[in-house]
Structures are given as structure tokens and as C-alpha cells.
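Notes to accompany the following structure.
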Amino acid sequence: MEQESTSPVVDLLERRGVAPIDLLEQGKVLLVRESPFRLQASEEGLLTPAISDGNSKNISFDAASKAVGGTNARGTEREQLAAMMERFAISARELILRLFPDYGAHLDTRLTSFRPVSVEGRQISPRKDDSRLHVDAFASRPNQGRRLLRVFTNVNARGQARVWMVGEPFEDYARRFLPRVARYSPGAARWLERLRITKLLRSEYDHVMLQLHDIGKLDVAYQRSAPATRIEFQPSVTWICYTDQVLHAALSGQHMLEQTYLLPVQAMADPNRSPLRVLERMLGRSLV
């Protein structure tokens, strides 16, 4: 097994000969400088916040239904937007299959998103503020232990980088905040599902992850002093990581495409590195 790197970001061009899957599952952010996706000249007109409907920070594309949400684009412009996002979805999947072929049969493709609005200056609640360090966990969409694998590409045409902060290892973060996690209630979880507040049953794993997400974001002292590394993702660069494991914050940037996948823990090369297994070891019980 590859010895773990101390840097949170690994440039795959500089680490040729190293198994990318090992780096990914360590909790690294993998940098692909030779991005397989490029905007077409005709698509640069889509790089405007005016294309958003103003209610959502992301424009979404569902590869299965071809539906586009979160946009006020109509007619030809809407078709062009959908085509760009579908092309990105195809490109992202091809990249994942090339780097991690063993994941192929297990990938559950979720929404593609386009983020045309600048990160800076958004008025948003602290829990939804992605400029605060966090691991991804979603109140209405329980993962029930599955991994959140994401592919990002900066498509900014004006040279603006996407700036992230990448924080401490997941296990250190969990150890810091687990004592403050509220007790899980199976009954409450069932009611949330019956009332369709959650799309699936919120497992104890989902409960713990959501609590870790919220407690960390709301801890002002932690956000000010947490160990973190600033990373600038330049235009036309792609990066890949498990966002349920990599502590991250988006500080600035505009115009990014992103593809989300769910992956069962058992499909990993080393399931023991998953947040599910880490939390189960720390708590001494099964969480799903």
C-alpha cells in the first residue's frame, strides 16, 4: 500500500505510477491538470449568474430524465445548457472509470450541477454556508453509509481560480466533535421518512454525519482556528475527492461544473478508510 502523503492535494501528473484509488481512499484531493472536459466557444455565453433562477445556488441536470432545474433559461439556451451539462456528466464518468475501473459496476450516478453564481457575497444561513469547513451530509438525502464521490471542473473563462480550504483528517475532526453529537432516535427517523422530509430512512450514520456537519459549521472558534490548507484550482483544472471525508470550504470562485456519485462502502479497495467504518470503530457499534 502506498505510504500516506502529508499534503491534502495530490497532482496525478507528479505521482504517475501510484495507484490513484489508494490516494483517493486516504482522503486526498486528486488534481487532474489535463482536464478531459473543455467548454466549447458557443457555451461561454452560459457563464453568467443571470442563467440561475435566483432561488438555487446550483443548476441541476438529471442524466436519467434529462431534466434541468434551478435555471430560468428557456428554448435554445435551455437546450444548450442541458447539452453542456450532459457532456460534462459523460466526461466525468469516463474519467472515473479510467482512474478507478474497479468502481465501475458500483457507481450510482446522481445529479450533475453547474454553479454560475460567485461563492463570495451570498447571503445564506450558517448551516448552508459552504465557505465554512465541513464534510458533506444532507438533511433530506440520507446516504445510509454510502460514499459521496465528486468530480469538479473550474470552467471560469476569465482566469479566476476556485479557492478551497482543505482541513484536518476526517478522524481528527470526528474525534473533536463526536462528544457533542445528540442521541439518535430511530422513531424520529421513521417519522421524517413518513412525512417525506427525508427521501430515505435516516440511519444513525446519517444522523451522526449531519450532526458533525452542523456542529463544525456552527463552531465559530473552530472555523477561525482550524488547521487548513488553502488550495487554488485554476481554470480548466479538474479535481476529485470524497466530500464526505475531505473537510473542505469554498472561499471564492465562479462557474464550476460538478458530478456526484454514490458508492457502496464494500466497493472500496479498503472499506476501513470510509467514514462509516471510522465512526463505527470510534463508537463501538454498527451505524447502518
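The values are calculated or read from the model by the stated rules, or taken from the named source; none is laboratory data. Small disclaimer: the values here were computed from a predicted structure and weren't measured. Counting neighbours? That spans all protein chains shown, and the Cβs are built from the backbone with ideal geometry, glycine included.
General observations
- Applying the condition of being in contact with a Leu (Cβ under 9 Å, 6 or more places away or on another chain) and of a type in the set (Lys, Arg) to the range 214-233 and asking which residue is nearest to residue 28 (Cα to Cα) yields 230.
- Of the criteria (1) surrounded by fewer than 14 Cβ atoms within 10 Å (Cβ to Cβ); (2) farther than 21 Å from residue 157 by Cβ; (3) not basic (Lys, Arg), which one residue 41 fails: (2)
- Residues located in the range 167-177, provided they are in a helix (DSSP H, G or I) and touching a residue at least 60 places away in the same chain (Cβ under 8 Å): 170, 171, 173, 174, 175
- Any hit, the range 10-33, residues being of a type in the set (Gly, Ala, Ser), modelled with pLDDT under 95 and either over 22 Å from the mean Cα position of the chain (by Cα) or surrounded by 13 or more Cβ atoms within 10 Å (Cβ to Cβ) (or both): yes
- Selection from the range 10-42 of residues that are closer than 30 Å to residue 73 by Cβ, in a helix (DSSP H, G or I) and either basic (Lys, Arg) or touching a Lys or Arg at 6+ places or on another chain (Cβ under 9 Å) (or both): none
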